[in-house]
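Notes for the one structure printed next.
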Amino acid sequence: MFRNFKIVPNIIFGRGCFNQLDEILSARRSNHDSCIVFVVDDVFENHALKERIPLKNRDMLLWVNVDDEPKTKYVDELTARVKQHNANLPEGVIGIGGGSTMDLAKAISLMLTNPGSSADYQGWDLIQNPAVYHVGIPTLSGTGAEVSRTTVLTGPKKKLGLNSDYTVFDQVVLDPELTQGVPADQRFYTGMDCFIHCIESLTGTYLNAFSRAYGEKANDLCLEVFLEDGLENADKLMMASYFGGMSIAYSQVGVCHALSYGLSFVLGIHHGIGNSIAFDYLEEFYPEGVAQFRQMLDRQNIELPRNIMHDVRDDQLEKMVDVSLVLEPLWENALGSDWKKKMTRERIRDLYLRM
Ligand code: NAD
Ligand code: ZN
């Protein structure tokens with residue numbers, strides 16, 4: 001069976017295009033009393049961007065904190081606050097921030113129209129009802145959350161996305177100017193998320209010409225951005241993120257992401273940094289990608305955290321192995337249909353213990 005997947009129908013790209021948000025949203029507002037919810041990373045609370053958000057009288061500005069990656073509990077709380085603000089459904093939910101904030105906005109837009117807790121929908125195609133119209137506006141490039149059909153959430157039992165066609169944004173606004181001011185290490189780690197998406201897609205068994213076309217371009221863009229200086233690097237990285245996301249939409253990620261999910265669930269390590277930590281030990285799976293990764297690390301002067309398993313208890317290590325083993329499609333993409341013969345609990349444990 002071929003996958004028939006949904007993609008974002010409307011995209012605007014260019015420096016300064018954020019200024020057109022008001023116009024884009026005015027087409028959605030049904031009357032003077034309409035309500036649009038802006039879900040914004042609180043890093044912008046004292047930033048000039050705050051003044052540029054096109055708020056109208058009944059709109060809601062919802063600052064969100066992403067010091068921790070999005071949790072189902074947090075999504076449920078935020079959704080309840082939106083419901084409290086307005087008796088009717090809002091006409092739009094607009095996420096402005098990095099992957100975490102965009103995922104929160106996606107999840108809120110879904111949970112406004114689907115009953116229960118967001119934890120009930122962690123999995124594939126469990127969402128029953130279409131979401132409220134939702135828009136993604138990245139301020140940090142790399143995750144591909146702006147194009148994907150998932151919102152990655154950590155729940156009481158697992159870290160797993162709400163994967164569905166309804167999750168996909170209705171509109172994305174790609175304005176590279178918004179990524180100015182991202183700290184250098186964060187820019188690198190989130191950028192490496194994109195690079196690793198490409199490597200895992202391009203070396204995977206699920207690869208087809210569609211994924212290859214997007215993956216190769218995104219891969220080249222990442223190398224340009226992190227190995228050369230250029231005035232258009234922010235633009236290029238934003239497009240790399242988008243293309244990297246498109247590449248994995250038709251393929252899958254692999255060993256690095258499977259391990260990174262375990263690091264995140266047990267140790268709370270953020271996605272981009274967890275990927276970078278893990279990837280440096282995966283030469284046997286991705287020799288060329290790891291060599292390029294180290295060149296970029298060097299060029300960008302980034303010091304990876306080391307010895308992170310130093311204080312980890314055995315039960316925590318076992319939990320990491322559990323979390324990572326659940327991600328069967330990732331292992332299958334990386335190692336083939338007989339992956340279970342190649343990747344045992346022992347071997348995963350050994351990989352973690354190197355970090
Ligand atoms: P993030 O959203 O967690 O943000 C990282 C840090 O950067 C935060 O402190 C944030 O406040 C700050 N930041 C964001 N934009 C900034 C700006 N312009 N200036 C200064 N600081 C800024 O980071 P991320 O790497 O973009 O996202 C990681 C999250 O995305 C994880 O939760 C991961 O699970 C998720 N993810 C989702 C998908 C998907 O397809 N939905 C794919 C990959 C990762
Ligand atoms: Zn990723």
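What the table shows:
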{"read-out": "P(r) tail fraction, region 95-138 - alpha-carbon pairs more than 13 Å apart, %", "value": "52 percent"}
{"read-out": "Cα Rg, Dmax, region 223-355, angstrom units", "value": "15.7, 48"}
{"read-out": "GNM result for the chain, Cα springs below 10 Å: residue of E332, E23, E224 fluctuating most strongly", "value": "E23"}
{"read-out": "Taking only Cα atoms of region 1-135, radius of gyration then Dmax in Å", "value": "15.1, 50"}
{"read-out": "Computed E for E328/L227 - FRET, C-beta separation, R0 30 angstrom, nearest 0.05", "value": "0.30"}
{"read-out": "Around N86: net Lys/Arg minus Asp/Glu count, Cβ-Cβ under 12 Å", "value": "0"}
{"read-out": "log₁₀ of I(q)/I(0) at q = 0.10, 0.13, 0.14, 0.15 Å⁻¹ - region 126-222, Debye sum with one point per alpha carbon", "value": "-0.34, -0.58, -0.67, -0.77"}
{"read-out": "Under 5 Å, built H, 5+ apart or other chain: amide partners of G92", "value": "V37"}
{"read-out": "For region 73-161, alpha-carbon Rg and Dmax in angstrom", "value": "12.3, 36"}
{"read-out": "Cut-off 14 Å between beta-carbons: net charge of the residues surrounding N114, Lys and Arg +1, Asp and Glu -1", "value": "-2"}
{"read-out": "Distance cut-off 16 Å, percentage of C-alpha pairs in region 114-180 lying past it", "value": "51 percent"}
{"read-out": "Compactness relative to 2.2 N^0.38 Å, alpha carbon Rg of region 1-58", "value": "1.48"}
{"read-out": "Hydrodynamic radius of the chain per Kirkwood, over alpha carbon pairs, in Å", "value": "20.6 Å"}
{"read-out": "Of V147, V43, V135, the one that fluctuates the most in a GNM where the chain has Cα springs shorter than 10 Å", "value": "V43"}
{"read-out": "Residue-count net charge about R149 - beta-carbon cut-off 13 Å; Lys, Arg +1, Asp, Glu -1", "value": "-2"}
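Each value in this text was obtained by applying a stated rule to the coordinates, not by laboratory testing. Predicted model, so just to flag it, every value in this text is computed and none were measured. Neighbour counts run over all protein chains shown; Cβ positions are idealised from the backbone, glycine included.
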